[in-house]
1. Among the residues in region 80-92, are any open to solvent by 90 Å² or more (accessible area, probe 1.4 Å), outside any loop (DSSP other than H, G, I, E, B), at pLDDT 90 or above and out of contact with any helix residue (DSSP H, G or I) (no Cβ under 9 Å at 6 or more places or on another chain)?
2. Name the single residue, out of those in region 105-157 being among the hydroxyl-bearing types (Ser, Thr, Tyr) and in contact with a strand residue (DSSP E or B) (Cβ under 8 Å, 6 or more places away or on another chain), that is modelled with the highest pLDDT.
3. Consider region 73-94. How many of its residues are in contact (Cβ under 8 Å) with a residue 12 or more places away in the chain, of a type in the set (D, E, K, R) and within 24 Å of residue 47 (Cα to Cα)?
4. Can you say whether residue 66 is within 19 Å of the chain's Cα centre (by Cα) and either surrounded by 11 or more Cβ atoms within 10 Å (Cβ to Cβ) or outside any helix (DSSP H, G or I) (or both), as far as the supplied structure shows?
5. For residue 101, indicate whether it is modelled with pLDDT of 95 or more, closer than 20 Å to residue 35 by Cβ and not basic (Lys, Arg).
6. With the requirement that a residue be open to solvent by less than 50 Å² (accessible area, probe 1.4 Å) and either touching a His at 6+ places or on another chain (Cβ under 7 Å) or under 30 Å from residue 99 (Cα atoms) (or both), what does region 115-145 give you?
7. Of everything in region 146-157 that's among the aliphatic types (A, V, I, L, M) and in contact (Cβ under 8 Å) with a residue 40 or more places away in the chain, which residue is most open to solvent (accessible area, probe 1.4 Å)?
Amino acid sequence: MDSGVNAFASSLGASITETEQSIDVKDILPNEYTNEQMHQMLLSLEPLLERRDIVGYAAARNVRVLQSEAMEYLKRRDELIEKYGDPEISENGMPTGRQQLQIGSDAYKRFMDDLALYSNIKHRPLLFKIPYEEAIGKMSGTEILACEWMLVDGGDA
């Protein structure tokens, strides 16, 4: 231990002791998620973005991180929807300017085949997590289940 650090601590009326700790790499590395998992995580955060509490803060921060991590995937996904999709028609019969894919159609199958190349690429985003205690009473059960990936036991946040 550096004697300068000990002297400084002593001048503050503190003492420094060293303890040996074993740190497992999995405890410090962020979790790994595929592009498609991150896309689903982004969708799960949408209902929480208007909140003005720690849940809303966590949602906003995690949206920013996930969008950054999955940017190329989301762009490629949009390009493939544009390529394989049909024009979306509103209730009044007018085009909305967006493309849509009919699940189960041949176009959807081709879209999924092309997207598969990118869907399973993994990333380690640095996500903000909050204790379950912060979510209880602030989030519905449905919201908690959808965003369970950003909740941790109290001591792990």
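1. The answer is yes, given that some residue of region 80-92 is open to solvent by 90 Å² or more (accessible area, probe 1.4 Å), outside any loop (DSSP other than H, G, I, E, B), at pLDDT 90 or above and out of contact with any helix residue (DSSP H, G or I) (no Cβ under 9 Å at 6 or more places or on another chain).
2. Filtering region 105-157 down to residues among the hydroxyl-bearing types (Ser, Thr, Tyr) leaves 105, 108, 118-119, 132, 140, 142.
If we keep only those that are in contact with a strand residue (DSSP E or B) (Cβ under 8 Å, 6 or more places away or on another chain) as well, we get 119, 132.
Details: 119: 96, 132: 93.
So the residue we want is 119.
3. To start, the set of residues in region 73-94 that are in contact (Cβ under 8 Å) with a residue 12 or more places away in the chain comprises 73-74, 76-77, 80-88.
Now narrow it down to the ones that are of a type in the set (D, E, K, R): 76-77, 82-83, 86, 88.
Within this subset, residues satisfying the condition of being within 24 Å of residue 47 (Cα to Cα) are 77, 88.
Result for region 73-94: 2.
4. On the way: within 19 Å of the chain's Cα centre (by Cα): yes; either surrounded by 11 or more Cβ atoms within 10 Å (Cβ to Cβ) or outside any helix (DSSP H, G or I) (or both): yes.
So residue 66 fits the description; yes.
5. Details: modelled with pLDDT of 95 or more: no; closer than 20 Å to residue 35 by Cβ: yes; not basic (Lys, Arg): yes.
No, not satisfied.
6. 115, 119, 123, 125, 143
7. Within region 146-157, the first condition is being among the aliphatic types (A, V, I, L, M), and the residues that meet it are 146, 150-152, 157.
Going one step further and asking which of them are in contact (Cβ under 8 Å) with a residue 40 or more places away in the chain, we end up with 146, 150.
Values: 146: 48, 150: 0 Å².
Result: 146.
Each row is one residue, and each column tells you yes or no for (1) in a helix (DSSP H, G or I); (2) modelled with pLDDT of 95 or more; (3) surrounded by 15 or more Cβ atoms within 10 Å (Cβ to Cβ).
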residue: 39; (1), (2), (3): yes, yes, yes
residue: 43; (1), (2), (3): yes, yes, no
residue: 46; (1), (2), (3): yes, yes, no
residue: 52; (1), (2), (3): no, no, no
residue: 61; (1), (2), (3): yes, yes, yes
residue: 77; (1), (2), (3): yes, yes, yes
residue: 96; (1), (2), (3): no, no, no
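The values are calculated or read from the model by the stated rules, or taken from the named source; none is laboratory data. What you are looking at is a predicted structure, and each value in this text was computed from that prediction instead of being measured. Here Cβ is always computed from backbone atoms with ideal geometry, including for glycine, and neighbour counts include all displayed protein chains. Areas reflect the complete protein model, heavy atoms only, side chains present, ligands, DNA and RNA absent. Shrake-Rupley method; radii C 1.70, N 1.55, O 1.52, S 1.80 Å.
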